[in-house]
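Working notes, structure below.
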Amino acid sequence: MKQPYRTLTGQRQRGATLIEAATVLMVVAAVSGLVGPSFQQARERMHLEGAAAQLETDLQFARSAAVARNAGLRVSFETRDDGHSCYVVHSGSAGDCSCASGAPVCQPGAEALRSVHFGPDLPLRLVSNSRSILFDPVRGTVTPTATLRVQAAGGAALHQVVNVMGRIRTCSPAPALRGYRAC
């Protein structure tokens, strides 16, 4: 049986030696090096999925609010070259509200109901093939249809495809993210 180390005064030593502590630190550093990149990818994917889910929820909100108010509602999209992108749910015409400055700014007679801003501090960007879409209050339809791309800094993306009936489906462009239909 191994005897515990004793100090010069004859007391037992407690704790770890310098060599044991260095060994533990080397193992922790090696494991962190392996886990770090996958943790960053998981974090990026969580941001991406959260933003795509919020966008889908806001589009459904715009559709149901248009029917409830019996007035057309728009969702307008803006993407700037400096990494800022945003969307705003609003009443009025296509150009009546802007979200480029962070907070929504509307012309008189238009009202912003919801706005989401993606700045350079977030690793996400929103790109739309349409500047603005209108939800019809009577039929719940959308004019024009749109494909909205939420893209992470690492290149992963989710598309929200809004069809003429106002329905939204989520897909992922190639290479598709696991768990999502390929676009």
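We did not get these values from a lab; they are worked out from the coordinates using the rules stated. Bear in mind the structure is a predicted one, so any value in this text is a computation, not a measurement. Note: ideal-geometry Cβ built from the backbone for every residue, glycine included; neighbour counts use all protein chains shown.
Annotations for the structure displayed:
- Around the amide H of GLY166, modelled in the peptide plane, lie the amide H atoms of VAL142, all under 5 Å away and 5 or more residues distant in sequence or on another chain.
- Cysteines, the chain, no other Cys beta-carbon under 4.7 Å: none
- Calculated FRET value between PHE39 and ASN70, using beta carbons and R₀ = 41 Å, to 0.05: 0.25
- Residue exposure proxy: CYS86, CYS183, ordered by other Cβ atoms within 10 angstrom of their Cβ from fewest to most, comes out as CYS183, CYS86.
- Which label in (1) 13.7; (2) 18.1; (3) 9.8 gives the computed mean projected area of the Cα convex hull in nm²: (2)
- For the chain, the longest principal axis of the C-alpha atoms and the axis of helix 18-69 are separated by about 10°.
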